[in-house]
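Participant: Below you will find the structure I want to go over with you.
The values are calculated or read from the model by the stated rules, or taken from the named source; none is laboratory data. Computed from a prediction, not measured in an experiment: that's the story for all the values here. We place every Cβ from the backbone using ideal geometry, glycine too, and count neighbours over all the protein chains shown.
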Amino acid sequence: MKNLLDDAVDTYNKGSFVQGLELLQPLAAQGHADAQYNLGLMYTQGQGIAQEYGRAADWFSKAAAQGHAQAQYNLGLMYAQGQGVTQDDAQAAAWFKKVVAQGHEVFLHLSDAQFNLGLMYAQGQGVTQDDAQAVDWFKKAAAQGHEQAQYNLGFMYAQGRGVTQDDAQAVDWFKKAAAQDHASAQYNLGLMYDQGRGVTQDFMRAYMWFNLAAAKGNNGAIKFRDQVAGKMTQSQIVEAQKLARE
């Protein structure tokens with residue numbers, strides 16, 4: 001069965017969409033979860049077959065019911081976005097929970113599922129609003145290098161949401177996200193250095209972080225960079241610009 005599936009997926013990936021589809025359909029009908037998942041992908045992408053999100057959701061549901069983690073994740077996204085199904089945050093959260101419960105190390109989107117759960121708890125979407133739960137899920141995703149989760153953790157520590165307010169922890173998480181070129185994290189680091197929150201006040205570092213965020217189009221960073229420049233000497237500005245380039 002596995003060889004037949006591999007042949008079908010390989011055929012499809014080589015651009016022979018119709019032939020790949022013909023090979024996959026009987027496998028999916030026989031209840032092969034990987035085939036059902038791949039058929040869902042084909043309906044999502046509309047290659048070799050008319051794009052039908054409803055049919056995609058049907059096939060993802062069949063695979064997800066058999067514990068297919070990627071299908072569960074995709075189904076969660078479809079419920080969250082109302083794509084092919086009636087929008088339902090509770091269903092989205094339920095499917096994301098099934099994904100993270102499996103803890104698949106080979107599942108590429110595990111940290112995304114964890115982050116999505118964190119966001120849903122932070123906003124009270126599909127679950128009872130709970131900042132402490134949000135922080136727990138953000139931490140799980142952030143530990144795997146999820147930059148948005150790292151940024152959100154920085155925000156939660158800065159605001160004292162779900163955790164004891166801690167500017168030093170906020171700075172640490174903002175730095176992790178900023179190292180991955182997260183513009184909002186860079187902007188917030190600029191604010192922290194400008195105000196001396198969680199770090200020793202340092203206008204050159206503030207300028208550097210604002211400059212990096214401004215280069216990515218962050219309008220707030222442009223405004224505050226120009227403001228902090230008024231507190232600096234010309235030689236400090238030159239040094240800060242040099243730091244931003246390094």
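Participant: Only one of 151, 187 is within 26 Å of residue 118 (Cα to Cα) and either touching a Lys or Arg at 6+ places or on another chain (Cβ under 7 Å) or in the same structural domain as residue 124 (by TED's automatic domain parsing) (or both). Can you tell me which?
Facilitator: 151
Participant: Condition check: at pLDDT 95 or above, closer than 26 Å to residue 137 by Cβ, outside the structural domain of residue 142 (by TED's automatic domain parsing) and surrounded by fewer than 17 Cβ atoms within 10 Å (Cβ to Cβ). Does residue 161 satisfy that?
Facilitator: So residue 161 fails the test.
Participant: Which condition number does residue 180 fail, the rest of (1) more than 12 Å from the chain's Cα centre (by Cα); (2) in a helix (DSSP H, G or I) being met?
Facilitator: (2)
Participant: Another question, if that's okay. Could you check segment 166-202 and list, in sequence order, the residues that are of a type in the set (Ser, Thr, Tyr), more than 14 Å from residue 147 (Cα to Cα) and touching a helix residue (DSSP H, G or I) at 6+ places or on another chain (Cβ under 8 Å)?
Facilitator: Across segment 166-202, the qualifying residues are 187, 193.
Participant: Related question: Would you check which residues across segment 43-100 are of a type in the set (Gly, Ala, Ser), in a helix (DSSP H, G or I), closer than 27 Å to residue 13 by Cα and touching a residue at least 12 places away in the same chain (Cβ under 8 Å) and list them?
Facilitator: Scanning segment 43-100 gives 54, 56, 57, 61, 63, 64, 69, 71, 76.
Participant: Can you find even one residue in segment 139-161 that is in a loop (DSSP other than H, G, I, E, B) and over 19 Å from the mean Cα position of the chain (by Cα)?
Facilitator: Yes, because at least one residue in segment 139-161 is in a loop (DSSP other than H, G, I, E, B) and over 19 Å from the mean Cα position of the chain (by Cα).
Participant: Something else: Could you please let me know if residue 222 is part of a helix (DSSP H, G or I), free of Cβ contacts under 8 Å to residues at least 24 places away in the same chain and not charged (D, E, K, R)?
Facilitator: yes
Participant: Going residue by residue through segment 207-218, is there one that turns out to be touching a helix residue (DSSP H, G or I) at 6+ places or on another chain (Cβ under 7 Å), closer than 26 Å to residue 113 by Cβ and either charged (D, E, K, R) or modelled with pLDDT of 95 or more (or both)?
Facilitator: no
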